[in-house]
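Everything on this sheet refers to the single structure shown next.
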Amino acid sequence: MKKLSVSSINDRVCSGMKEFIEESENKYARRLKKAADILVQTHEEKPIILLSGPSGAGKTTSAKRIEELLDKQNIETYTISMDNYFLPESQTPDAVDENGKVDYESPHRMDIKLLNEHMMKIANCEPVEIPTFNFAQQKREKGVTYERKKGELVLFEGIHALNPEVTGISDDIANCIYVSIRTRLELDNGTLLHPSHIRLMRRLLRDKLYRGRGFEATMDMFDSVERGESLYIMPYKDRAKIHIDTFINYEVSVYKPFLIDELHRVFNDNQEHKNHEQMEQFIDALEAIPAESVPDDSLVREFIGGSRLFA
């Protein structure tokens with residue numbers, strides 16, 4: 001686990017913000033390039049890529065950026081979000097936690113039978129109709145027909161991608177990737193911010209922007225999310241031969257203007273969320289970076305909007 005001091009970030013923001021952003025983006029790009037190079041070497045015998053990571057890890061941007069890198073090397077790659085294989089709550093009665101509440105992280109929320117069938121057909125170059133899942137209305141909708149050509153790669157991304165009970169795909173035909181934040185922020189007094197809180201910042205922004213969910217609602221769900229990570233994601237991360245740290249050195253400075261006022265209000269009004277109050281301490285200590293300085297293909301854009309990858 002790497003550490004990065006808040007004071008060093010502030011020094012870079014004040015002394016050369018543009019260069020700092022470019023350097024940070026290049027570090028992430030090199031991690032992706034290294035992963036893509038490995039995938040190129042084995043693409044004939046391993047046509048499937050399974051990419052997993054916890055909530056807020058940056059799975060979608062990482063998948064799309066890897067797809068672009070492979071396409072540029074003339075290896076056509078198609079990305080499929082496993083979110084499309086979710087089932088409505090009414091059809092997943094077994095997806096409950098120990099208190100009988102809906103367990104939104106449970107693998108039982110997925111149509112495992114259909115996913116397994118599609119994965120094997122795709123590996124064998126047979127056509128499939130990939131569904132679309134409407135989360136707001138909790139229903140499956142008509143999707144698109146896809147047929148892999150020999151030599152092409154298909155990247156499945158989702159929180160359960162590395163769980164063999166969900167995907168049913170052997171490592172003999174699949175490359176496995178695990179993405180997450182592997183960097184801690186550090187204050188001058190030695191206080192460290194756990195990566196889960198950086199992922200929570202990302203999720204707070206994404207949920208508000210794309211799902212109309214307030215900060216309190218996202219925080220209310222976070223304990224369940226972390227429980228799901230421990231039960232359903234972490235046990236399988238060692239299956240991955242490729243690990244990518246998705247932390248962008250300047251990202252929290254960009255999040256500051258989006259988060260600081262609302263977090264201050266939440267922590268003042270609601271004692272239940274005091275366990276997340278450390279986020280505010282770190283955000284307060286950081287110099288802000290304006291959103292318009294962020295490149296349009298940056299992973300940061302997955303959470304603040306404006307990404308060309310999601311156009």
### Task
Report the calculated FRET efficiency for residue 216 and residue 191 (r = Cβ-Cβ distance, R0 = 35 Å), to the nearest 0.05.
0.90
### Extension gain from residue 68 to residue 271, taking 0.36 nm per residue of separation minus the Cα-Cα distance
68.6 nm
## Note on the structure
In degrees, nearest 10, the alpha-carbon axis of helix 215-228 is tilted away from the dominant principal axis of the alpha carbons of the chain by 50
### Tilt relative to the chain, helix 195-211 - C-alpha long axis, 0 to 90 degrees, to 10
70
### Query
How big is the equivalent ellipsoid of segment 155-311 along its three axes, where each semi-axis is √(5λ) from the Cα gyration tensor, reported in whole Å from largest to smallest?
29, 19, 16
### Task
Using θ = phi - 60° and the Karplus relation 6.51 cos²θ - 1.76 cosθ + 1.60, list the HN-Hα couplings for segment 49-59 in order, rounded to whole Hz, with x at every Gly or Pro.
10, 10, 10, 10, x, x, 4, x, 7, x, 4
### Query
residue 176's amide H: which non-local residues (gap 5+, or another chain) put their own amide H closer than 5 Å, with H modeled 1.01 Å from N in plane and none for Pro or chain starts?
50, 241, 242
### Message
Just to be sure I understand: of the beta bridges DSSP finds with both ends in the chain, what percent are antiparallel, rounded to 5?
### Response
30
### Summary
If amide H atoms are modeled at 1.01 Å from N in the peptide plane, then the residues at a separation of 5 or more from residue 80, or on another chain, having amide H under 5 Å from its own are 155, 156, 157
### Message
As I understand it, the value is the acute angle between the Cα axis of helix 112-123 and the longest principal axis of the Cα atoms of the chain; what does it come to in degrees, rounded to 10?
### Response
70
### Task
Give me the distance between the Cα centres of segment 158-182 and segment 275-294, rounded to whole Å.
32
### Message
If each residue of separation counts as 0.36 nm, what is the full-extension length gain between residue 96 and residue 310 once their alpha-carbon separation is subtracted?
### Response
73.8 nm
### Query
About the Cα centre of the chain, what is the dipole size in debye to 20, counting +1 per Lys and Arg Cβ and -1 per Asp and Glu Cβ, all else neutral?
560
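Bear in mind these aren't lab numbers, they're just calculated from the coordinates by the rules spelled out. Treat the numbers as computed from the prediction; the structure is a model and nothing was measured. Reconstructed Cβ throughout: ideal geometry from the backbone, glycine too, with neighbour counts over all protein chains shown.
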